[in-house]
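The values are calculated or read from the model by the stated rules, or taken from the named source; none is laboratory data. As the structure is a prediction and not an experimental result, all values here were calculated from the model. All Cβ positions, even for glycine, are placed from backbone atoms using ideal geometry, and neighbour counts span all protein chains on display. When the accessible area is computed, the model is the full protein with side chains, heavy atoms only, and any ligands, DNA or RNA have been set aside. Shrake-Rupley method; radii C 1.70, N 1.55, O 1.52, S 1.80 Å.
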Amino acid sequence: MVMKELQADIVIVGGGTGGTAAAIQAARRGAKTIIVSEFPWLGGMLTSAGVSAPDGNELAAFQTGLWGAFLRELERRQIGGLDNGWVSFFTFEPRVGAEIFANWVKELPNLQWIARQVPVAVLREGDAIVGVRFPDFIVRAQVVLDGTELGDLLALGEVPFRWGWELQAEWNEPSAPCQPTEFTKTYPVQSPTWVVVMQDYGEGAVAPEIPAPPGDNPQQFVGAWEKYGPESFLNYCRLPGDRLTLNWPIAGNDYGEGVGRLVDSETARLQFLQEAQWHSQSFARFIQTEFGRRYGLAADMFPHSNSAFALHPYFRESRRLQGVKTVTEWDILPVSGGRVARLSVNAEGICDAVAFGNYANDHHYPCNDKFSTAFELEPKSIRWGGRWTGTPFTIPYGCLVPREVDGLLVCEKNISVSHIANGATRLQPVVMGIAQAAGMAAALCVERGCQPRDLPVPVLQAALLQDPVAPAAVVPLFNLTPDDPEWLEGQWEYLENPGAYPVTGDRPGSNRILPLPPRTKDSGPVTNDRFGGSLRRQGDGEYAIALSYPPEMASQVWTLVTVQPTVNQQLEKAVEGDCLTLRGGLNRSGNWIRVDWMECQTPK
C-alpha cells in the first residue's frame, strides 16, 4: 500500500503553544504550512494542558507579538475578564484560548491543520531532515519544526539532544550541582502536572463525590496550603465562573516519580501519565474532603468525557536540542547592579536576540520526606509595579538551530538550553516569542532558499519588528510599550549597538505619561473603574491606597499594582500621603487594585 504524501513549504509537528504560534506566523508570512497536532485543541500549555494562567512577560512593554495579540483577544472574548486569580494577571477558560487559536488558523487559507496524529518517523537525506511520517500519511517540506511537548522529533530524527542535569563543570553555572546526587538522578527533569479544574458550586451545594483513584494517599497533601491559608490557596488560580485550577506545587499535584519514563518505552510513558492523572484526582479528592462538598469537579472544561482534567499534562521540560548556541544560567541572570541580563550577541559582536522573557528561574520537583530541601537558585527577581517580577533576558536565534542537522528548527521547550536555565525559558509567553521567531525564520528560509543556519539574523529581526499583524519586540525595554511612537526606534537602537543597552532596562528619555485609551464597545472587559485616596508606602517597592472614593469603599486599604511603565514611575516618585486618582480594576483574589492610569498630587 502506497502511503499518501503531502507537500508543504513548512511542516510543524505538535500543536502546543510553540507549534501553534510558529504555524500561524509562518502562514501569515505567506508560506504553505501544515501543522499536525496530537490533540483536538491547539495551544498546548495555554489550552489543552489547562495552564490558562500564563506566567511572565506580563508588563505592558513586554506584551508584544503574538503573545500581546493573544492577550488582547482574550480581553475581548473572556466573560468576567482576566484578572481573577493572584498567581497571574491573566486567567481565562482554556476553551476560549483554544477558540482564538482555531479561528486564527481558519483565517489562513495556506495553513492546513491535521489533528489526532503523532509522528512515527523522521525522513532524512544525509544531514538534512526533509519530512515526517505519521501513521496515515507523510509530509515532505523544506523546513520541519519540532513543536512537540517532549522534543519527539529530536529522538526520532537522531538529532543530538540533552536530557537531565548538567554539572557545574559544563558551563560553570552558579546554581548547577558539582556532581550527581541521588536527587538529580531521581528527578532528571522538572515535574509535570496534570491540571484538573474544580468548581465552587456555592454554599449548601452537594457536588458528586470525587472517587478515590488507585494508590490514593491523602497524607501526601497535608500542609499544602499551610503557608497561605485556605482562601488564598483556593484563589491562587481562580477562573471566571467560580472555577479553580489545580496546578499547585507545594504538596500538591506536581508529579515526578519515575519521570524518566517519559522518554522510555511507550508502555512506561503511558504508565507515568496514568499515575500523574491519578495523583491529581487524589489531590482534588483531598480538597473536597477538607473543604466540603460545595467543591467538586468542574464540568465541560475540556473536550472529552473526563472533562475536568486537561487533555495532557503540563510538561515543564523536554528533550533539549544541542544547538548552534545554548542558553545557560549566565544568559538569564541580571548584570551586577542592574535589572536586566546583557543582550545576547554572537562571536562577531552582533546582537542575535530574536525573543525575550522575564520570568524568575522557577523549578518544580516533588517535596517529600526523602528530599526535603531543593537546591538553591541564583535570584533574578525585582520589585516593579508594586509586586515581584522577573528580570528580562533574551533568546538567541542559534538556540533554535541544530548544531549539525539541516532542515530543522525547534519552537517549544526543546530549544538549546541548560537544565538550570530551562526554569526561566519554559513559560508560555517566552515559548510564544520563540515560536514566532521560529515560524518567521522558517518562512524566510523558504523565501530565500536557504538553510536555517544560513539565515542572517538581522533579516529575521527586521521581519519580526515590522510584521504587519503582530510586530514582536526582541529587546526588553521596561518603559517603551508597543503603542509608543518611539518603540521601533528603541528596538533598533540597541540591536545596532548592544553594548549601549542600559542596565536599568529603561531607554533614557522615554518616560512620557501616555493618556488612558478610551473605552469602546470592542474593548472587551477593560478595567476602567475610578478610585481616589491617599498613598500608603508599605515597604521598598510596595504601595497601597487608603480609599476615599468610591464612597462604599471609603477607609478601606488596598494594595496597588500595575503593569504600566508610566504608573510605575509615578508610584516610585510618590510620597506617603500623596492624593491619588486612579483608573483600574479590583482583584479580590489578590486583594489589589491593578492601576492602568494615575494622577498624583502632594497635599498643600
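Looking at region 448-475, which of its residues are in a helix (DSSP H, G or I) and either touching a residue at least 12 places away in the same chain (Cβ under 8 Å) or more than 20 Å from Asn110 (Cβ to Cβ) (or both)?
Scanning region 448-475 gives Pro452, Arg453, Asp454, Val457, Pro458, Val459, Leu460, Gln461, Ala462, Ala463, Leu464, Leu465.
Could you tell me how many of the residues in region 238-261 are touching a Lys or Arg at 6+ places or on another chain (Cβ under 9 Å) and hydrophobic (A, V, I, L, M, F, W, C)?
Residues meeting the conditions: 2.
For region 99-158, how many residues are outside any loop (DSSP other than H, G, I, E, B), polar (S, T, N, Q) and either in contact (Cβ under 8 Å) with a residue 12 or more places away in the chain or under 10 Å from Val13 (Cβ atoms) (or both)?
Result for region 99-158: 2.
Collect the residues in region 50-86 that are out of contact with any Gly (no Cβ under 7 Å at 6 or more places or on another chain) and among the hydroxyl-bearing types (Ser, Thr, Tyr), keeping them in residue-number order.
Selection gives Thr64 alone.
Under 7 Å by Cβ, and 6 or more places apart or on different chains, what pairs join a residue from region 590-604 that is open to solvent by 90 Å² or more (accessible area, probe 1.4 Å) with one that is not acidic (Asp, Glu)?
Note: pairs meeting the criteria are Asn591/Trp558; Asn591/Thr559; Glu599/Thr581; Gln601/Cys579; Thr602/Val575.
Considering each of Ala251, Ala298 in turn, give the residue that is in contact (Cβ under 8 Å) with a residue 24 or more places away in the chain and more than 18 Å from Tyr187 (Cβ to Cβ).
One residue alone meets the criteria, Ala298.
Would you mind stating whether Thr148 is hydroxyl-bearing (Ser, Thr, Tyr), over 18 Å from Glu5 (Cβ atoms), out of contact with any Cys (no Cβ under 7 Å at 6 or more places or on another chain) and modelled with pLDDT of 95 or more?
For Thr148, the condition - hydroxyl-bearing (Ser, Thr, Tyr), over 18 Å from Glu5 (Cβ atoms), out of contact with any Cys (no Cβ under 7 Å at 6 or more places or on another chain) and modelled with pLDDT of 95 or more - is met.
Of everything in region 239-258, what is closer than 16 Å to Arg316 by Cα and either not in a loop (DSSP other than H, G, I, E, B) or not hydrophobic (A, V, I, L, M, F, W, C) (or both)? Give them in sequence order.
Within region 239-258, Leu246, Asn247, Pro249, Gly252, Asn253, Asp254, Tyr255, Gly256, Glu257, Gly258 meet the criteria.
Residue by residue through region 125-138, note down the ones that are farther than 22 Å from His312 by Cβ and either surrounded by 18 or more Cβ atoms within 10 Å (Cβ to Cβ) or among the aliphatic types (A, V, I, L, M) (or both).
Ala128, Ile129, Val130, Gly131, Ile138
Out of Gly449, Gly533, which single residue is on the phi > 0 side of the Ramachandran plot, at pLDDT 95 or above and touching a strand residue (DSSP E or B) at 6+ places or on another chain (Cβ under 8 Å)?
Of Gly449, Gly533, the one residue that is on the phi > 0 side of the Ramachandran plot, at pLDDT 95 or above and touching a strand residue (DSSP E or B) at 6+ places or on another chain (Cβ under 8 Å) is Gly533.
On the given criteria, is Leu59 over 23 Å from Asp300 (Cβ atoms) and either open to solvent by 10 Å² or more (accessible area, probe 1.4 Å) or out of contact with any helix residue (DSSP H, G or I) (no Cβ under 8 Å at 6 or more places or on another chain) (or both)?
It is false that Leu59 is over 23 Å from Asp300 (Cβ atoms) and either open to solvent by 10 Å² or more (accessible area, probe 1.4 Å) or out of contact with any helix residue (DSSP H, G or I) (no Cβ under 8 Å at 6 or more places or on another chain) (or both).
Scanning for something over 17 Å from the mean Cα position of the chain (by Cα) and either farther than 25 Å from Gln117 by Cβ or crowded, with 24+ Cβ neighbours inside 10 Å (or both), does region 82-93 turn up at least one residue?
Yes: one or more hits.
Just to be sure I understand, how many residues within region 183-215 are out of contact with any Phe, Trp or Tyr (no Cβ under 8 Å at 6 or more places or on another chain) and open to solvent by 50 Å² or more (accessible area, probe 1.4 Å)?
8
Mind telling me which of the residues Ala224, Ala268 ends up being open to solvent by less than 50 Å² (accessible area, probe 1.4 Å), hydrophobic (A, V, I, L, M, F, W, C), farther than 19 Å from Asn591 by Cβ and in a loop (DSSP other than H, G, I, E, B)?
Ala224
Could you check how many residues of region 18-67 are more than 25 Å from Glu447 (Cβ to Cβ) and not in a loop (DSSP other than H, G, I, E, B)?
6
Among the residues of region 9-16, is any at pLDDT 95 or above, over 28 Å from Asn358 (Cα atoms), open to solvent by 10 Å² or more (accessible area, probe 1.4 Å) and out of contact with any helix residue (DSSP H, G or I) (no Cβ under 9 Å at 6 or more places or on another chain)?
Scanning region 9-16 turns up no residue that is at pLDDT 95 or above, over 28 Å from Asn358 (Cα atoms), open to solvent by 10 Å² or more (accessible area, probe 1.4 Å) and out of contact with any helix residue (DSSP H, G or I) (no Cβ under 9 Å at 6 or more places or on another chain).
How many residues are acidic (Asp, Glu) and over 33 Å from the mean Cα position of the chain (by Cα) if we restrict to region 547-604?
Within region 547-604, residues that are acidic (Asp, Glu) and over 33 Å from the mean Cα position of the chain (by Cα) number 3.
Can you find a residue in region 272-279 that is touching a Phe, Trp or Tyr at 6+ places or on another chain (Cβ under 9 Å) and surrounded by fewer than 16 Cβ atoms within 10 Å (Cβ to Cβ)?
No - not one qualifying residue is present in region 272-279.
Limited to region 402-423, what total is found for residues that are open to solvent by less than 10 Å² (accessible area, probe 1.4 Å) and either within 21 Å of Ala141 (Cα to Cα) or over 18 Å from the mean Cα position of the chain (by Cα) (or both)?
10
Pairs under 6 Å by beta carbon, first residue on the phi > 0 side of the Ramachandran plot in region 65-84, partner at pLDDT below 95 and open to solvent by 30 Å² or more (accessible area, probe 1.4 Å), six or more apart or different chains?
Gly81/Pro525
Can you work out which of the residues in region 566-589 that are within 27 Å of Gly229 (Cβ to Cβ) and not polar (S, T, N, Q) is surrounded by the fewest Cβ atoms within 10 Å (Cβ to Cβ)?
Of everything passing the filter in region 566-589, Arg588 is surrounded by the fewest Cβ atoms within 10 Å (Cβ to Cβ).
Taking only pairs six or more apart or across chains, which ones have beta-carbon atoms under 9 Å, a first residue in region 366-393 that is modelled with pLDDT under 70, and a second residue that is of a type in the set (Ser, Thr, Tyr) and buried (at least 19 other Cβ atoms within 10 Å of the Cβ)?
So the pair list comes out as Phe371/Tyr187; Phe371/Tyr365; Ala374/Tyr365.
Check Glu170 against each of (1) over 19 Å from Gln322 (Cα atoms); (2) out of contact with any helix residue (DSSP H, G or I) (no Cβ under 6 Å at 6 or more places or on another chain); (3) open to solvent by 70 Å² or more (accessible area, probe 1.4 Å) and name the one condition it does not meet.
(1)
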